[in-house]
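What follows draws every value from the coordinates through simple rules; no lab data is involved. Small disclaimer: the values here were computed from a predicted structure and weren't measured. Neighbour counts run over all protein chains shown; Cβ positions are idealised from the backbone, glycine included.
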Amino acid sequence: MALLRFTQNIQRHVACPARQVEGATLAEVLEGYFRQHEQARGYVLDDQGKLRHHMTAFIDGNQMRDRERLSDPVAADAVVDLVQALSGG
Amino acid sequence: MSTRFHVATRKGLFTLDRGASGWSIMQTSFLGDNCTLLMHDARSGDLIATLNHGHFGIKMHRSRDGGANWTEVATPQYPPQPANYTPKATPLEGKPADWSLKLVWALTAGGADEPGVVWCGTLPGGLFRSEDGGDSWTLNRPLWDDPRREEWFGGGADHPGIHSICVDPRDARHVIVGVSCGGVWKTRDGGGAWELGGRGMRAEFMPPEHAFEPNAQDPHLIAQCQSHPDVLWVQHHNGIFKSSDAAASWSEIEGVQPSAFGFAVAAHPHDPDTAWFIPAVKDEKRYPTNGRVVVNRTRDGGRTFQTLTEGLPQQHAYDLVYRHALDVDESGDRLAFGSTTGSLWISENGGDSWQTLATHLPPIYAVRFEKTP
């Protein structure tokens, strides 16, 4: 199972502890996490199921490529980090 | 008269109470977060606040104890886009409006006989309805699926949006909504069928042959007289308009000084001839004329206006007042407004004089009295 970890910035809105999740693609890993933790879904995905504009994922340190379908492969022992751009005022 | 109001700002929600020594901030919620709008439901006492977390999206929270505690509730969600649907490009942007929530721009409680009903207007042009006080939302498909909706375009924003929702106190099925840019729409059956009102509105920004096209109008805000709901006032992008026939037709009120441009308008709850506006230099500059903050009031149905200045800064003041940042209480005597530069004023005599309550708040998006039903 892949280990999914979340940016610290999201934690004050909704607790997102790191978890081991089944899944062969980024979409499957996220879906597996959100099935157990529904409230976090809307903070990461928009209402059309797309990754929010200023968020991205790194899979074993490599930035994701497919923002449209989240089809990037995830190895069984991968570490997936969800991060956000730092901006705003 | 109302003794409490809320101020939604770029950095949180502030609640002011009128105590023995006057008005003061008695409560702060969501400090540091972008609170874009607040609704007080006079039927239940509920508060619904909208937060825009930027990276993490738009969220709604509800309090049932006057703001002491908040619970995250549902946020309006656009349904999945049909697979066989090809959206039309909007006329000015040249590309389709996004099919996804961008901003909550209006929150209005339903009728007194509709407990739990709340209407929500959004960018990009969605009208949502909740029947459970915000626990769930449904997109109004008759309006969203009207082909004329795809002709709406953004007015100062990248997407068209619904900012005004007026529920007729006599019949809650009669709802009027305002769209920037998409004019004034009305339903008589609670949202089952919609007609485009707005005959007589004029859009200076359109080519002359399209200037009176109802679907291209940019009403910045619609305000309804609660005791005479057929009377509505509009602060429009290029002028002030009034309707006395429930938004079917509008007449332009010309010659208003120092400017007919602005965003905010408040209608007196009982007197159909009284309304307040906050003028600014039009339209790409947007600051108070000559650096003087003033409120324009008419008491004769728009025939004449008084420019009210007592207690307001009259030199080097560059406070812009957004459309939701002016409110009047249920008596018509108390008004409050806040500005982009964090100033906040109140009047307790219908605008004759004003008192400064704050000068260093974050940019103010919305001011809302708690009103009795």
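Of note:
- Scanning chain B for trypsin sites (Lys or Arg not before Pro) in DSSP loops with at most 13 neighbouring Cβ atoms within 10 Å leaves B:171-284 as the longest stretch between them.
- Each residue, A:R69 and A:N9, gets one label point 7 Å from its Cα in the Cβ direction; the gap between the two is 2.9 nm.
- Formal net charge of residues neighbouring B:Q226 (Cβ-Cβ distance under 12 Å; K, R +1; D, E -1): -3
- The slack in the chain from B:E204 to B:S24, taken as 0.36 nm per residue of separation less the alpha-carbon distance, amounts to 60.6 nm.
- Rounded to whole Hz, the Karplus (6.51, -1.76, 1.60) HN-Hα couplings of the stretch B:221-234, x for glycine and proline: 6, 10, 10, 10, 6, 5, 8, 9, x, 6, 9, 10, 10, 10
- Cα-projected label distance for B:D333 with B:T3, points at 7 Å along beta-carbon direction, nm: 1.4 nm
- Stokes-Einstein D for chain B, Kirkwood Rh over Cα pairs, 20 °C, 1.002 mPa s (µm²/s): 105 µm²/s
- Centroid-to-centroid separation of the stretch B:221-255 and the stretch A:1-63 [C-alpha atoms, Å]: 48 Å
- Largest first, the extents of the alpha carbon coordinates of the stretch A:2-84 on the three principal axes equal 29, 24, 21 Å.
- Euclidean distance of C-alpha centroids, the stretch B:334-373 and the stretch B:1-73, integer Å: 14 Å
- Spatial separation of Cα centroids for the stretch B:99-156 and the stretch B:294-309, in angstrom: 32 Å
- Taking the inverse of the mean reciprocal distance over all distinct Cα pairs, the Kirkwood hydrodynamic radius of the protein assembly as shown comes to 23.1 Å.
- Taking label points 7 Å from Cα along the Cα-to-Cβ direction, B:E72 and B:H360 give a separation of 3.3 nm.
- Sparsely packed loop sites in the stretch A:4-69 (the GluC sites (Glu not before Pro) outside DSSP H, G, I, E and B with at most 12 other Cβ atoms within 10 Å) comprise A:E68.
- When exposed loop sites are taken as GluC sites (Glu not before Pro) in a DSSP loop with at most 15 other Cβ atoms within 10 Å, the longest stretch of chain B clear of them is B:1-92.
- Just checking the listed ones, B:S21, B:S180, B:S343: in the Gaussian network model of chain B with Cα springs under 10 Å, the one fluctuating most is B:S21.
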